[in-house]
Amino acid sequence: VASNEGNSSAAGSGAESAALFSKLRSFSIGSGPNSPQRVVSNLRGFLTHRLSNITPSDTGWRDSILSIPKKWLSTAESVDEFGFPDTLPKVPVPPLEQTMADYVLALEPITTAAQLERTKGIIKQFSAPQGLGPRLHQYLVDKREAEDNWAYYYWLNDMYMNVRIPLPINSNPGMVFPPRRFRTVHDVAHFAARLLDGIVAHKEMLDSGELPLERTASREKNQPLCMAQYYRLLGSCRRPGVERDSQYLTPREKPVDSDEDRHVVVICRNQMYCVVLQANDRGKLSESEIASQILYVLSDAPCLPGKPAPIGLLTAEPRTRWAQDREALQLDERNQRNLELIETALLVLCLDEPLGANFNARGFSGATPSVHSAGERDETNMAHEMIHGGGSEFNSGNRWFDKTMQLIICTDGSWGLCYEHSTSEGIAVVQLLEKIYKKIVEHPADDNGMPQHHLPPPERLEWHVNAQVQQRFAQAAITVDKAIDNLDFYVYRYKGYGKNFIKSCQVSPDVYIQLSLQLAHFKLYGHLVATYESASTRRFLHGRVDCIRAASSEALEWAKAMCQGEGANVPLESDREDDEEDARKVKFSIYSKDHLRELFRCAVARQTEVMVKNILGNGIDIPLLGLREACLEVTGELHELFTDDSYKISQCFLLSTSQVACSTDSFMGYGPVTPRGYGCSYNPHTDQIVFCVSAFYACEDTSASRYAKSLQDSLDIMRDLLQN
């Protein structure tokens, strides 16, 4: 997040300043309710609430006052080199009035006037002094005092553990890296070995506690960030449950006498092998030793008699169904051990066969061609492989979708990742793999043939499949193939400009792109919808994300003006969309460019405000979720606020977005989160923007290529509006 905060000197009413400092002095230093952490949280909330109505000209004074708690605490407890407390603050519970007011603002552009008025009445009753709201708010405040992160499990269960739909497409993102050139199968084994060697080195760094601490770049610059999710990437796994899933997480601190080996599970042609990378009796394997183990797998799997049972395909089922199948598998002791080896493995390595050209992009006329390719396969094709594997007849059984990290290497040189999202956000995964990949690129190793090493071959996992489970494979294949056939996915590169031009307009690239997504949707449908963008809350202990809602009243007014009276619904490719038809359209201007720029600046200001509130722990979705769950825990039922039509509309994210910034020419994508919605990740570069757009073919109103075309048009007219 770019910071435009000034360093102006403090100014303002002497009486009010005296009152503030009196408030400051009234806190005592100690434990319990007056502990330094509690004080800084309370004081920040007090200052933010009291100073929220200060005029824009007074912002420098307000910023200076709000910086007091950090400096004051620097003499109150142990602090780091930048003056921040050594312990991270807890996620705040924003004032109830603030949450309700921001909730109304979020509803304005996506609900009807009648729906909004009804909701305002419900909020008034809920928030009244004798209403349920203050009671639930206090329940959350007390919960915050008692727990490290009051919201974490509410959020984890709602976002992931309670969701019953399959992981591929719906939850697990796929990431594509620049493809490699493999001349022989030895090249495949050697590249896999280098990746795995980097994984082991990273695990050693984690176990030694040497992972560098990350800090914020703006908004209280250099504030430390929570690193907990970085420790959950390797050796973790999701476990299906009949009603709720759970997680297997590697203990941060292992016993000194622990004799655990570090291993990975390699899957090739649906056969699974346990490859030990570091053992107590022989230490860490060298790259060439790892390569010899991978080469054994590549040569052994195709030669085995009979077709192996596609056990991994079951992990792509709906969660309750997979939980039942997993219980059936566990009736056999060998299967129990296999499941344990998979769950405790550092990661799963999938050695794939290439997908057919039928998975290539279905773009639009005039779209930029794919940059990366592997044979006849384009970037969209490679993304399909990473997200779901291509189906039961291709690589979807060559997976374990519960595993946090699945490295995928295809024999044609395409490679990437499928990751289970519940343990961490994308940034942790991206940073880990990009670090390893850059080392490989910067230090290419000479491969003069594959040395022979006298190591025992990796153990092949043998499964005992009873009749009940055997019947499930055919049913699972139908379910998986149907879901894959329904996915409309498109990797689109916008080449008109990138971050450099956007920054020249003095706008945050993320804010700019979010507004382009709103404009693209409005151009197609004539209205805005509930939009999700993940916002990191890692400034707080065990912080994960909240939701930046980009659909604002300001964005709606700007989009209306930009469309200049155009009708909604851009025609599909099949409706003869071409340049001649565009040329025949009558174009006229209702508003001046100055007016359009002013509306754009208002939309930018609003989007920036929402973004900053979220990263500082004052979003609305986490507090609303907390109030909803508290309501169930306190009263045993849901208040009308959470059964209201407006609430349902606000929680149905028809546009689910996220910025996945990569330092390499890579990209990450995922499916929509609702049957009628879009998914859209984006990766802004200096001179281009890479979008991964998704929809479902079953919905006649959505189309990935159609939305990408609308994005191109939107970004073009935004450039025309703002350049010079």
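The values are calculated or read from the model by the stated rules, or taken from the named source; none is laboratory data. The model shown is predicted, which means the values in this text are computed figures rather than measured ones. With ideal geometry, Cβ positions are generated from the backbone for all residues, glycine too; neighbour counts draw on all protein chains shown. The protein model used for the area step is the full one, side chains on, heavy atoms only, and it has no ligands, DNA or RNA in it. Shrake-Rupley method; radii C 1.70, N 1.55, O 1.52, S 1.80 Å.
At a glance:
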item: The range 679-693, residues that are open to solvent by less than 20 Å² (accessible area, probe 1.4 Å), of a type outside the set (A, V, I, L, M, F, W, C) and touching a helix residue (DSSP H, G or I) at 6+ places or on another chain (Cβ under 6 Å); result: Tyr682, Pro684
item: Single residue of Tyr707, Tyr697, Tyr682 found to be within 17 Å of Val430 (Cα to Cα), among the aromatic types (Phe, Trp, Tyr) and modelled with pLDDT of 95 or more; result: Tyr682
item: Glu97, sole failed condition from (1) open to solvent by 60 Å² or more (accessible area, probe 1.4 Å); (2) more than 25 Å from Val634 (Cα to Cα); result: (2)
item: Unmet requirement for Arg219, which otherwise passes all of (1) surrounded by fewer than 20 Cβ atoms within 10 Å (Cβ to Cβ); (2) farther than 30 Å from Ile165 by Cβ; (3) out of contact with any Asp or Glu (no Cβ under 8 Å at 6 or more places or on another chain); result: (3)
item: Residue satisfying condition, being under 30 Å from Pro675 (Cα atoms), over 23 Å from the mean Cα position of the chain (by Cα) and part of a loop (DSSP other than H, G, I, E, B), within set Pro166, Pro109, Pro129, Pro94; result: Pro109
item: Residue tally, condition among the basic types (Lys, Arg) and in a strand (DSSP E or B), over the range 484-535; result: 1
item: Residue within the range 311-324 that is over 19 Å from Gly241 (Cα atoms) and open to solvent by 10 Å² or more (accessible area, probe 1.4 Å) present; result: no
item: The listed residue being open to solvent by less than 10 Å² (accessible area, probe 1.4 Å), touching a residue at least 40 places away in the same chain (Cβ under 8 Å) and over 24 Å from the mean Cα position of the chain (by Cα), out of Ala530, Ala476, Ala520; result: Ala476
item: Selected residue (criterion: surrounded by the fewest Cβ atoms within 10 Å (Cβ to Cβ)) from residues of the range 425-445 that are of a type in the set (Val, Ile, Thr) and over 13 Å from the mean Cα position of the chain (by Cα); result: Val441
item: Selected residue (criterion: farthest from Val275 (Cα to Cα)) from residues of the range 325-353 that are open to solvent by 50 Å² or more (accessible area, probe 1.4 Å) and not hydrophobic (A, V, I, L, M, F, W, C); result: Glu327
item: Some residue of the range 228-238 being under 29 Å from Arg334 (Cβ atoms) and out of contact with any strand residue (DSSP E or B) (no Cβ under 9 Å at 6 or more places or on another chain); result: no
item: Residues located in the range 636-667, provided they are surrounded by 22 or more Cβ atoms within 10 Å (Cβ to Cβ) and without any contact (Cβ under 8 Å) to a residue 24 or more places away in the chain; result: none
item: Filter result for the condition that a residue is within 28 Å of Leu541 (Cβ to Cβ), part of a loop (DSSP other than H, G, I, E, B) and modelled with pLDDT under 95, over Arg183, Arg219; result: Arg219
item: One residue from Ser694, Ser714 being over 14 Å from Val491 (Cβ atoms), of a type in the set (S, T, N, Q) and touching a residue at least 60 places away in the same chain (Cβ under 8 Å); result: Ser714
item: Residue match in the range 255-263 (condition: touching a residue at least 24 places away in the same chain (Cβ under 8 Å), on the phi < 0 side of the Ramachandran plot and either open to solvent by less than 70 Å² (accessible area, probe 1.4 Å) or not in a loop (DSSP other than H, G, I, E, B) (or both)); result: yes
item: Filter result for Val200 (open to solvent by 10 Å² or more (accessible area, probe 1.4 Å) and either of a type in the set (Val, Ile, Thr) or touching a helix residue (DSSP H, G or I) at 6+ places or on another chain (Cβ under 6 Å) (or both)); result: no
item: Residues of the range 272-304 that turn out to be open to solvent by 20 Å² or more (accessible area, probe 1.4 Å), in contact with a helix residue (DSSP H, G or I) (Cβ under 7 Å, 6 or more places away or on another chain) and at pLDDT 95 or above, as a count; result: 2
item: Sole residue being surrounded by 20 or more Cβ atoms within 10 Å (Cβ to Cβ), touching a residue at least 12 places away in the same chain (Cβ under 8 Å) and under 27 Å from Asp402 (Cα atoms), chosen from Met175, Met159; result: Met175
